[in-house]
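The values are calculated or read from the model by the stated rules, or taken from the named source; none is laboratory data. None of these values were measured; they are calculated from a predicted model. Every residue, glycine as well, gets a Cβ built from its backbone with ideal geometry; the counts of neighbours run over all protein chains shown.
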Amino acid sequence: MADDLRITGSVRIPLVDVVVRASRSSGPGGQHANVTASRIEATVDLRTAAGLSDAQRARAIDRLGPVARAVAQDARSQSRNRELALERLAQRLREALHVDAPRRETRPTKGSKRRRVEAKGRRGQLKQQRRRPRMDD
């Protein structure tokens, strides 16, 4: 739907939960003669936002805090900055909700074991060569 902020394929946050504020930009669009409020800040309160499961909500709050924010003041137009701010907010939420796949333990290969033992032997020989010669040699 056009009334949702799409985070992932299954996670969408209704745009009514996203607060969009405009203010004067310090960059492009904020300095020309007809001053416009082209800086956009998009925020969403993760504690009350619909579209998140309890586990997703907890993960997002843990990583981003209770309120997620994104700001855009790159473009001269307010509408383009609004698009950018919403894209950035969605990206931040996407990264916060990402769960890494669990690591599968693997065994060292025969070759890696052999190389490790050979490297230890070379290192030991190098250290032995640095020693002061014994008197009985």
task: Considering only the stretch 49-98, state which residues are on the phi > 0 side of the Ramachandran plot and out of contact with any strand residue (DSSP E or B) (no Cβ under 8 Å at 6 or more places or on another chain).
output: G65
task: Would you check which residues across the stretch 76-113 are of a type in the set (S, T, N, Q) and within 11 Å of the chain's Cα centre (by Cα) and list them?
output: Q91
task: Kindly provide the set of residues from the stretch 47-85 that are under 18 Å from S26 (Cα atoms), part of a helix (DSSP H, G or I) and of a type in the set (K, R), ordered by number.
output: R80, R82
message: Just to be sure before I move on: is S77 closer than 16 Å to R12 by Cβ, out of contact with any Cys (no Cβ under 8 Å at 6 or more places or on another chain) and either of a type in the set (D, E, K, R) or free of Cβ contacts under 8 Å to residues at least 60 places away in the same chain (or both) in the structure I sent?
response: no
- line: Of those in the stretch 86-99 that are over 28 Å from S26 (Cα atoms) and of a type in the set (A, V, I, L, M), the residue surrounded by the fewest Cβ atoms within 10 Å (Cβ to Cβ) is V99
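Report whether or not A49 is closer than 16 Å to I13 by Cβ and in contact with a helix residue (DSSP H, G or I) (Cβ under 8 Å, 6 or more places away or on another chain).
yes
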- request: Specify which of the listed residues (R21, R76, R59, R82) is surrounded by fewer than 17 Cβ atoms within 10 Å (Cβ to Cβ), among the basic types (K, R) and modelled with pLDDT of 90 or more.
  value: R21
statement: Picked from the stretch 26-55 (must be within 29 Å of A96 (Cα to Cα) and among the hydroxyl-bearing types (S, T, Y)), the residue modelled with the highest pLDDT is T43
